[in-house]
Amino acid sequence: SARHEGPAHLCFYTARMGGAMRERIGLETMLCQAIARREFVLQYQPRIGMTDGRMVGVEALVRWRHPQLGLLAPGRFIPLAEESGLINELDMWVLREACVRAAAWCAQGLFSGRMSVNLSARQFQQPGLAQRVRAVLADSGLAPAALELEITESTVMHDTEDAADVLRSLRALGVTVSIDDFGTGYSSLSYLKRFPLDVLKIDRAFVRDLDGDATGAAIVRAIITLAHSLGLSAVAEGVETAEQVAFLKENGCDEIQGYYFSRPVWPDEIARLLAEAAGAWSTVSPHPVIQP
Ligand code: C2E
Ligand code: MG
Ligand code: MG
Ligand code: MG
């Protein structure tokens, strides 16, 4: 195992540290080789348009097919990749893979929506992002309008002057830019009007709170109103119940994403869904949850 091959100081630490730390060191060592070993894979989660219930796009979500531990969710390795700087390479791999996949679906006449890709703060702050995105689009043949980049609130708040420039350069390519996990960043709202953006993605914590008291509903309604008054569209994530769908529809949310429609699934499943009934999904009747 990596533990035995590692340098002496790693062995020293692993002997003294608990299981969590040992796992962490083991993962970090293997993470460095995971791209070359082609161990990263993408699942895609459908995004549904509220007006007609059709699949309007998908979000690419990375998983690590670890040789010993099986399929790992991003929460297990993204923080490590961020600390080690490997996240830049990983994000670029994801971007390329997702664009190639979307271009193939477009070429097959299956897909006319948007492919959404998450960008880490590090990737966003790395100089030359727009040029790299442009190159990936050109190589894959994907139209810029078919790509959406998701950036968290804290990422754009980090250095607002630079962030505005980066956002402008991305928008100039013709790609869509969304703020992910909106409402969790504890930041001033004044930045919103200065940043060129397209979409606010309402964090799933707020969607979950719809089931609680009236305050949860008031907050979601306020975010949708805020998005619309800034000329942005509102997307809800983490939608799990028919009641949540009804509330979001009633309150003018533009698109929704969540287990109610589908978990993140393998590309074959997306292709099948797109082909089936030309991607028509019902927003009124419950849809069976699709297991990956
Ligand atoms: P995110 O971008 O906010 O993605 C949504 C997460 O919510 C995904 O978790 C998705 O599987 C989960 N989700 C979707 N619908 C539901 C639902 O109805 N209920 C619940 N409870 N969860 C739902 P996942 O795949 O574990 O990803 C977690 C986070 O990891 C993502 O949050 C994103 O921040 C990050 N991530 C994923 N892929 C990438 C990537 O390629 N690059 C970077 N930098 N980050 C990524
Ligand atoms: Mg996202
Ligand atoms: Mg999110
Ligand atoms: Mg998140």
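As I understand it, the dipole of region 181-240 uses +1 on the Cβ of Lys and Arg and -1 on the Cβ of Asp and Glu, about the Cα centre. Which of A205, V220, S190 lies farthest toward its positive end?
S190
Where the convex hull is taken over the Cα atoms of the chain, what is its projected area averaged over directions, in nm²?
Its Cα hull, projected and averaged over all orientations, spans 16.6 nm².
Order the following by accessible area, largest value first: D198, D180, D211. Probe radius 1.4 Å; ligands, DNA and RNA are ignored.
Ranked list, largest accessible area first: D211, D198, D180.
Using a 10 angstrom cutoff on alpha carbons, build the Gaussian network for the chain and name the most mobile of R37, R208, R65.
R37
Any chance you could look up the accessible area of E276 with a 1.4 Å probe, heavy atoms only, rounded to 10 Å²?
90
Quote the relative contact order of the chain in percent (integer), defining contacts as alpha-carbon pairs under 8 Å separated by 6+ residues. Walk me through the numbers on the way to the answer.
Details: 469 pairs, mean separation 51.8, N = 292.
Value for the chain: 18 percent.
Counting only DSSP beta bridges with both residues in the chain, what percent are antiparallel, rounded to the nearest 5? Before the final figure, lay out each step's value.
Working: 16 of 38 bridges.
Bridges in the chain that DSSP calls antiparallel: roughly 40 percent.
From largest accessible area down, sort T29, T51; use a 1.4 Å probe on the protein chains.
T51, T29
Direction-averaged shadow area of the convex hull around the Cα atoms of region 24-127, nm²? Could you put the intermediate results ahead of the total?
Details: hull surface 31.8 nm².
Here the figure is 8.0 nm², rounded to one decimal.
I need the per residue convex hull volume for region 86-157, using only the alpha carbons, in cubic angstrom as a whole number.
It comes to 76 Å³ per residue, whole-number rounded.
Over region 152-205, what lengths in whole Å, largest first, do the semi-axes of the equivalent ellipsoid take, defined as the square roots of 5 times the eigenvalues of the alpha-carbon gyration tensor?
Listed largest to smallest, the semi-axes of region 152-205 are 18, 13, 8 Å.
Anyone know which of D181, D91, D159 comes out most mobile in the 10 Å Cα GNM of the chain?
It is D159.
May I ask for the distance between the Cα centers of region 146-203 and region 42-91, given as a whole number of Å?
If we compute the Cα centre of each part, the gap is 19 Å.
Rounded to the nearest 500, what is the 222 nm mean residue ellipticity of the chain from helices alone, with -39500 (n - 2.57) per DSSP H run of 4+ residues and division by all residues?
Helix contribution divided over all residues of the chain: -14000 deg cm²/dmol.
With a sphere of radius 9 Å drawn around the Cβ of S233, what net charge do the other residues whose Cβ falls strictly inside it have (Lys, Arg +1; Asp, Glu -1)?
-3
Just for the Cα atoms in region 114-270, what are the lengths along the principal axes, largest first, rounded to whole Å?
Extents along the principal axes: 46, 42, 24 Å.
Leaving out ligands, DNA and RNA, what percent of the accessible area of the chain is carbon and sulfur, probe 1.4 Å?
C and S fraction of accessible area: 52 percent.
Comparing Q244, Q43, Q108, which has the greatest mean-square fluctuation in the GNM of the chain with Cα pairs linked when under 10 Å apart?
Sorting by GNM fluctuation, first place goes to Q108.
How big is the Kirkwood radius of region 119-208, worked out from every pair of different alpha carbons and given in Å to one decimal? Write down the numbers at each step before the final one.
On the way: mean 1/r = 0.0741 Å⁻¹.
13.5 Å is the Kirkwood radius here.
Leaving ligands, DNA and RNA out of it, rank S178, S229, S190 by accessible area with a 1.4 Å probe, largest first. Each step should come with its number before you reach the end.
On the way: S178 0, S229 90, S190 55 Å².
Sorted descending by solvent-accessible area, the residues read S229, S190, S178.
What whole-number value in Å² describes the accessible area per residue of the chain for a 1.4 Å probe?
47
Tell me the accessible surface of R24 in square angstrom (1.4 angstrom probe, heavy atoms of protein chains only), to the nearest ten.
R24 has an accessible surface of roughly 80 Å² with all protein chains in place.
Please find the FRET efficiency linking Q125 to T215, where r is the Cβ-Cβ separation and R0 is fixed at 41 Å, and quote it to the nearest 0.05.
About 0.75, to the nearest 0.05.
If you count the DSSP beta bridges with both ends in region 44-126, what percent of them are antiparallel, to the nearest 5?
Percent antiparallel among DSSP bridges in region 44-126 is about 65.
The values are calculated or read from the model by the stated rules, or taken from the named source; none is laboratory data. What you see is a predicted model, and the numbers here were worked out from it, not measured in a lab. Reconstructed Cβ throughout: ideal geometry from the backbone, glycine too, with neighbour counts over all protein chains shown. Ligands, DNA and RNA are stripped out before the accessible areas are found, and what is left, the full protein with its side chains, is counted by its heavy atoms. Shrake-Rupley method; radii C 1.70, N 1.55, O 1.52, S 1.80 Å.
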